[in-house]
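Below: one structure, written as structure tokens.
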Amino acid sequence: MPILVTGATGTVGGSLVRQLVAAGHEVRALTRDPASPAAASLPRQVEVVPGDFATPRTLVPALRGVERMHLVAMDGYGPLTTGPEILELARQAGVRRVTHLGHNDPSRDDDDPIEADHRPLHRAIENSGLEWTHLFPGEFMANTSEWAQSIRAEGVVRAPFGDWSSAMVHEADIAAVALVALTEDGHAGRTYWPTGPEPVRRRDVVRMLGEAIGREVRFDELTPEQAREHWQGWYPEEVIEWFLTMGEHPDGNAWVAPDVEEVTGRPGRTFRQWAADHADDFR
Ligand SMILES: NC(=O)c1ccc[n+]([C@@H]2O[C@H](COP(=O)([O-])OP(=O)(O)OC[C@H]3O[C@@H](n4cnc5c(N)ncnc54)[C@H](OP(=O)(O)O)[C@@H]3O)[C@@H](O)[C@H]2O)c1
């Protein structure tokens, strides 16, 4: 029986697909556009199927014959509003187990508006009748890809909060936790917090990217005002304001959770490792 991976063309889903294939599992990958270059670059053994969370019934063919699925909670920058319908269709199709890649920032208060928005989806998953495992990772190392263009073109990163410290996590480690939860017993009803193995400061991340590509990369630290202007058009306004509140909690994401090592049996990959894995994107 195939394992259905949603978000298969994305950062974590792509890694999960490759790790499942490498471990000998049959994989079905969901995408809104099977003709996209990202879908075309999936391993050839993978069955690529169309479906769009915005219209849950489009997932019915993808769910056929599936007992285990990975759900990426994607709805732009907000929570997946169609989650309950998708989970009910999955249950009706015979799905028994779901790993959920979502968002939950433990350093934020319960009444934080972005956090509060995600809670109904978490409850829907917990009440779905499926064996669920939540994955609430820390900041992705892959977010630094947004600097690739300015590093390639000018050798510079423009961002706020140089001293901000974050236990950023490698997508392969999040995927490795999902793989275990999907394919081994004992993870139902558990919540995992995949983080990297150590906190790293923004300015050190920039330095390590430079070391990985063998070229100095300058860090132009923006004030919050400059950052607001810099991000305009890239992110919705409420997301920009949410990013900027990070400055009030310089160690808010520095927490290192033991989950990657406990679940996979291997320590999490460092940022230095991530930079080496992705150096070509920054050259
Ligand atoms: N970035 C972070 O620092 C961070 C931290 C904690 C949690 N997270 C969580 O991680 C998740 C994002 O994971 P990611 O970065 O691996 O994703 P990503 O690289 O942004 O890729 C998004 C994936 O979602 C799929 N998708 C988007 N909208 C869809 C729709 N309407 N129907 C079906 N599929 C859709 C896309 O598939 P197609 O385009 O092929 O359809 C793509 O594969 C989110 O839940 C986010 O909250 C992120």
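The values are calculated or read from the model by the stated rules, or taken from the named source; none is laboratory data. Note that this is a predicted model, so its numbers are computed, not measured. Quick reminder, even Gly has a Cβ in these numbers, built from the backbone with ideal geometry, and neighbours come from all protein chains shown. We work out accessible area using only protein heavy atoms, side chains counted, and drop any ligands, DNA or RNA first. Shrake-Rupley method; radii C 1.70, N 1.55, O 1.52, S 1.80 Å.
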(message) From the list THR11, THR82, THR58, exactly one residue is within 14 Å of the ligand (Cβ to nearest atom), touching an Asp or Glu at 6+ places or on another chain (Cβ under 6 Å), farther than 24 Å from ALA257 by Cβ and not acidic (Asp, Glu). Which is it?
(response) THR58
(request) Considering each of PRO194, PRO236, PRO250 in turn, give the residue that is modelled with pLDDT under 95 and under 30 Å from MET69 (Cβ atoms). (result) PRO236
(request) Pick out the one residue from GLU88, GLU126 that is more than 10 Å from the ligand (Cβ to nearest atom), closer than 20 Å to ARG28 by Cα and open to solvent by 20 Å² or more (accessible area, probe 1.4 Å). (result) GLU88
(message) Test of understanding: among ASP117, ASP110, ASP75, which residue is near the ligand (Cβ under 8 Å from one of its atoms) and either in contact (Cβ under 8 Å) with a residue 24 or more places away in the chain or surrounded by fewer than 17 Cβ atoms within 10 Å (Cβ to Cβ) (or both)?
(response) ASP75
(request) Residue by residue through segment 137-169, note down the ones that are in a loop (DSSP other than H, G, I, E, B), open to solvent by less than 10 Å² (accessible area, probe 1.4 Å) and within 13 Å of the ligand (Cβ to nearest atom). (result) ALA167, MET168
(message) Restricting to segment 52-81, name every residue that is at pLDDT 95 or above, part of a loop (DSSP other than H, G, I, E, B), in contact with a helix residue (DSSP H, G or I) (Cβ under 8 Å, 6 or more places away or on another chain) and closer than 20 Å to ALA175 by Cβ.
(response) PHE53, VAL66
(request) Out of PRO56, PRO34, report the one residue that is open to solvent by less than 20 Å² (accessible area, probe 1.4 Å) and over 24 Å from PRO137 (Cβ atoms). (result) PRO56
(request) Please give the number of the condition ALA22 fails out of (1) within 15 Å of the ligand (Cβ to nearest atom); (2) surrounded by fewer than 23 Cβ atoms within 10 Å (Cβ to Cβ). (result) (1)
(request) Would you check which residues across segment 1-17 are farther than 18 Å from ASP75 by Cβ, open to solvent by 10 Å² or more (accessible area, probe 1.4 Å) and in contact with a helix residue (DSSP H, G or I) (Cβ under 8 Å, 6 or more places away or on another chain) and list them? (result) SER15
